1. From the list Lys28, Lys16, Lys34, Lys12, which residue is touching a residue at least 40 places away in the same chain (Cβ under 8 Å) and of a type in the set (Lys, Arg)?
2. Out of everything in the stretch 1-45 that is in contact with a helix residue (DSSP H, G or I) (Cβ under 7 Å, 6 or more places away or on another chain) and among the charged types (D, E, K, R), what residue ends up being surrounded by the fewest Cβ atoms within 10 Å (Cβ to Cβ)?
3. Restricting to the stretch 27-62, name every residue that is charged (D, E, K, R), assigned to a helix (DSSP H, G or I) and within 17 Å of Asn10 (Cβ to Cβ).
4. Could you tell me whether the stretch 78-97 includes any residue that is farther than 16 Å from Asn27 by Cα and touching a residue at least 24 places away in the same chain (Cβ under 8 Å)?
5. Somewhere in the stretch 46-55, is a residue free of Cβ contacts under 8 Å to residues at least 12 places away in the same chain and touching a helix residue (DSSP H, G or I) at 6+ places or on another chain (Cβ under 9 Å)?
Amino acid sequence: MTKLYPMSQNGKIKKKQQDVLGFLEANKIGFEEKDIAANEENRKWMRENVPENNRPATGYPLPPQIFNESQYRGDYDAFFEARENNAVYAFLGLTAPPGSKEAEAQAKQQA
């Protein structure tokens with residue numbers, strides 16, 4: 001299950017969250033939204049589980065942060081890059097559905 005850790009107060013962050021949520025919903029990718037603004041336990045878990053090399057030099061990692069179950073997949077910038085490269089399913093640790101651009105690209109690479 002893809003897990004998204006959002007926070008709703010910052011306008012720029014909210015736009016990024018909506019971009020990720022919209023993509024997941026449009027592509028019928030199951031996900032669980034974990035609110036870090038209203039739930040201290042979710043905030044603590046997210047902060048502790050973003051790998052050290054993906055944390056900012058100062059402060060805490062900003063949402064949205066994306067996990068597949070407990071496996072860290074990346075932040076918004078990594079998601080955006082994967083989307084631009086038709087590689088979101090691989091980014092999320094999921095199998096691309098047959099007929100999708102990503103599945104077709106993978107088939108061409110394997111041929």
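1. On the way: Lys28 fails: touching a residue at least 40 places away in the same chain (Cβ under 8 Å); Lys34 fails: touching a residue at least 40 places away in the same chain (Cβ under 8 Å); Lys12 fails: touching a residue at least 40 places away in the same chain (Cβ under 8 Å).
Among Lys28, Lys16, Lys34, Lys12, only Lys16 is touching a residue at least 40 places away in the same chain (Cβ under 8 Å) and of a type in the set (Lys, Arg).
2. The qualifying residue surrounded by the fewest Cβ atoms within 10 Å (Cβ to Cβ) is Asp35.
3. Of the residues in the stretch 27-62, the ones charged (D, E, K, R) are 28, 32-35, 40-41, 43-44, 47-48, 52, 55.
Among the residues that remain, those that are also assigned to a helix (DSSP H, G or I) are: 40-41, 43-44, 47-48, 52.
If the condition is that a residue be charged (D, E, K, R), assigned to a helix (DSSP H, G or I) and within 17 Å of Asn10 (Cβ to Cβ), then Arg43, Arg47 are the ones that fit.
4. There is no residue in the stretch 78-97 that is farther than 16 Å from Asn27 by Cα and touching a residue at least 24 places away in the same chain (Cβ under 8 Å).
5. Step one: of the stretch 46-55, the residues free of Cβ contacts under 8 Å to residues at least 12 places away in the same chain are 48, 52-53, 55.
Checking the rest, the ones that are also touching a helix residue (DSSP H, G or I) at 6+ places or on another chain (Cβ under 9 Å) come to 55.
Yes, that holds for at least one residue.
Bear in mind that the values in this text are calculations on the coordinates, not laboratory data. Remember, it's a predicted structure, so these values are computed and weren't measured experimentally. In this analysis, Cβ positions are derived from the backbone assuming ideal geometry, glycine residues included, and neighbour counts consider all displayed protein chains.
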